[in-house]
Amino acid sequence: MEYIKIVEGDFNDILTLPYANAIRAGFPSPGEGCANESIDFNRDLIRHPEATFYGRVYGDSMIDAGICDGDIAVIDRLAEASDGDIVVAYINDEFTIKYLDTTHVPDGYILLRPANRAFEPIRINNDDDFKVWGVVIWTIKKWKK
């Protein structure tokens, strides 16, 4: 099973970076005043600092969701998980990152679905040691090698 390593963050420090609010993915445009604001990851991206963690993703079961080996997931433990969310789940002494599928609850089980056809869904039954540990709110990806 693939895994995710959880790292606690220090959300008391302010990290303010310039914010380019008009980056177009189509035709280039002039960079008129594009760095006139700032973004603070702790203030702007994290709702529950006391319950938010970073986790490094290992493996490629979520590549079709854009989450790749080495990416960093920002996980909110207070966010309520809903069907279809990407979650970090704790199952039988291991962490994994998958889509939560609750459509089979009336049948007595739930599924953790990968985003890669090479992997099978994980079926969670009543006798499994399982809990949704947190909801993935953001991912951070390194593009420059």
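For this structure, a couple of remarks:
- For the peptides 74-80, 130-136, 64-70, the ranking by packing is 130-136, 74-80, 64-70, with the highest mean count of neighbouring Cβ atoms within 10 Å listed first.
- Short-range pairs are left out: with C-alpha atoms under 8 Å and at least six residues apart, the relative contact order of segment 26-145 is 25 percent.
Bear in mind these aren't lab numbers, they're just calculated from the coordinates by the rules spelled out. It should be emphasised that the depicted structure is a prediction, and the values quoted were computed from it without experimental measurement. We place every Cβ from the backbone using ideal geometry, glycine too, and count neighbours over all the protein chains shown.
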